[in-house]
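Okay, so here's the structure we're looking at.
The values are calculated or read from the model by the stated rules, or taken from the named source; none is laboratory data. These numbers come from a predicted model, not from an experiment. A quick note on method: Cβ atoms are made from the backbone with ideal geometry, for glycine too, and the neighbour counts reach across all protein chains shown. Note: areas computed on protein heavy atoms with side chains; ligands, DNA, RNA excluded. Shrake-Rupley method; radii C 1.70, N 1.55, O 1.52, S 1.80 Å.
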Amino acid sequence: MALLHRPFYSGAMSDDAKLRLDDVRAAIARAAKTAGRKADAVTLIAISKTHDAETIRPLIAAGQRVFGENRVQEAQAKWPAMLAETSGIELHLVGQLQSNKAAEAVELFDVIHSVDRMSLVKALAKAQGATGKRPRYFIQVNIGDEPQKGGCATADLPALIEAARGEGLNVVGLMAVPPSGIEPAPYFALLAKFARDHGLAQLSIGMSGDFETAIMLGASHVRIGSALFGARG
Ligand SMILES: *Cc1c(COP(=O)(O)O)cnc(C)c1O
């Protein structure tokens with residue numbers, strides 16, 4: 001991967017965060033250019049799960065405005081204060097969502113990437129009615145049809161998209177985490193085909209280890225944690 005590997009200096013967190021953000025943004029721009037795409041066609045979601053506000057604030061100070069979390073409760077504990085400090089922050093939920101947390105998720109998040117079953121679609125529709133909030137949604141696809149992995153089975157995708165649209169969810173795209181340890185490109189390409197088939201413009205694919213490949217294959221959103229924050233403890 002083309003990222004520089006910068007050490008983490010505990011005493012220079014702000015500078016360090018900015019350097020890493022600059023590195024990731026430059027790598028995104030290079031990959032977009034290679035793919036004949038505009039760099040601003042790719043949104044960088046900084047995945048801040050497990051990191052506390054003190055670690056996140058330097059990234060906000062460096063200009064990052066789009067963040068992702070994987071747990072509703074963790075996000076509720078740390079984000080309201082930061083949202084009050086800085087306007088224009090967009091919060092994405094990228095982790096599995098339990099139906100009983102749907103209302104809280106709809107209340108806090110601007111975008112939810114993990115819609116993967118009919119019962120959750122119904123819970124989200126109800127939560128929209130109760131809260132008056134209308135986030136954007138990605139349908140998460142279990143693109144390798146792996147047992148015990150999040151996301152809807154590829155065979156169930158057409159019905160799930162139709163149901164979500166029918167329930168009034170603003171479905172903008174598809175999200176997937178490809179099988180680990182093997183070349184992700186065929187899975188990204190398959191997800192892109194499904195998105196085209198269903199008239200969905202956005203693709204949430206690409207993490208720290210494979211975002212350049214994802215951008216080549218049409219990612220509109222890359223979800224990057226460790227390349228920005230270091231390995232999670
Ligand atoms: C943690 C996480 C990421 C970020 O992973 P990194 O490898 O740290 O970049 C992206 N997407 C999802 C769904 C995640 O849970």
So, first residue in contact (Cβ under 8 Å) with a residue 40 or more places away in the chain and closer than 28 Å to Ile182 by Cβ in the stretch 132-145, second residue open to solvent by less than 10 Å² (accessible area, probe 1.4 Å) and part of a loop (DSSP other than H, G, I, E, B), Cβ within less than 6 Å, six or more apart or across chains; the pairs are Val141/Ala176; Ile143/Ala176
Restricting the stretch 204-233 to residues that are of a type outside the set (A, V, I, L, M) and either part of a strand (DSSP E or B) or under 17 Å from Phe194 (Cβ atoms) (or both), which is nearest to the ligand (Cβ to nearest atom)?
-> Arg223
Which of (1) away from the ligand (no atom under 12 Å from the Cβ); (2) open to solvent by 60 Å² or more (accessible area, probe 1.4 Å); (3) assigned to a loop (DSSP other than H, G, I, E, B); (4) hydrophobic (A, V, I, L, M, F, W, C) is the odd one out, the single condition Leu200 does not satisfy?
-> (2)
In the stretch 40-84, what count of residues is obtained for those that are without any contact (Cβ under 8 Å) to a residue 12 or more places away in the chain and either touching a Gly at 6+ places or on another chain (Cβ under 9 Å) or aliphatic (A, V, I, L, M) (or both)?
-> 3
Which residues, counting only those in the stretch 98-114, are charged (D, E, K, R) and either in a strand (DSSP E or B) or touching a helix residue (DSSP H, G or I) at 6+ places or on another chain (Cβ under 8 Å) (or both)?
-> Lys101, Glu104, Glu107
Could you run through the stretch 82-97 and say how many residues are more than 16 Å from the ligand (Cβ to nearest atom) and part of a loop (DSSP other than H, G, I, E, B)?
-> 4
Subset tally (residues that are under 20 Å from the mean Cα position of the chain (by Cα) and among the small types (Gly, Ala, Ser)) for the stretch 150-188 = 8
Find the residue count for the stretch 142-174, including only residues that are of a type in the set (Val, Ile, Thr) and over 14 Å from Leu120 (Cα atoms).
-> 3
Per the list (1) more than 13 Å from the ligand (Cβ to nearest atom); (2) within 24 Å of Leu124 (Cα to Cα); (3) assigned to a loop (DSSP other than H, G, I, E, B); (4) among the β-branched types (Val, Ile, Thr), residue check on Val177 breaks on (1)
For the stretch 203-226, name all the residues that are under 25 Å from Ile56 (Cβ atoms), open to solvent by less than 20 Å² (accessible area, probe 1.4 Å) and not hydroxyl-bearing (Ser, Thr, Tyr).
-> Ile205, Gly206, Phe211, Ala214, Ile215, Ala219, His221, Val222, Arg223, Ile224, Gly225
Ser87 vs (1) open to solvent by less than 50 Å² (accessible area, probe 1.4 Å); (2) out of contact with any helix residue (DSSP H, G or I) (no Cβ under 9 Å at 6 or more places or on another chain); (3) over 30 Å from Glu212 (Cβ atoms): all pass except (1)
Name the residue, out of Ala105, Ala62, Ala46, Ala53, that is within 28 Å of Ile28 (Cα to Cα), open to solvent by less than 70 Å² (accessible area, probe 1.4 Å) and within 16 Å of the ligand (Cβ to nearest atom).
-> Ala46
Of all residues in the stretch 151-172, which are in a loop (DSSP other than H, G, I, E, B) and open to solvent by 20 Å² or more (accessible area, probe 1.4 Å)?
-> Glu167, Gly168
Those residues of the stretch 117-142 which are under 21 Å from Pro186 (Cβ atoms) and open to solvent by 10 Å² or more (accessible area, probe 1.4 Å) amount to Gln140, Asn142
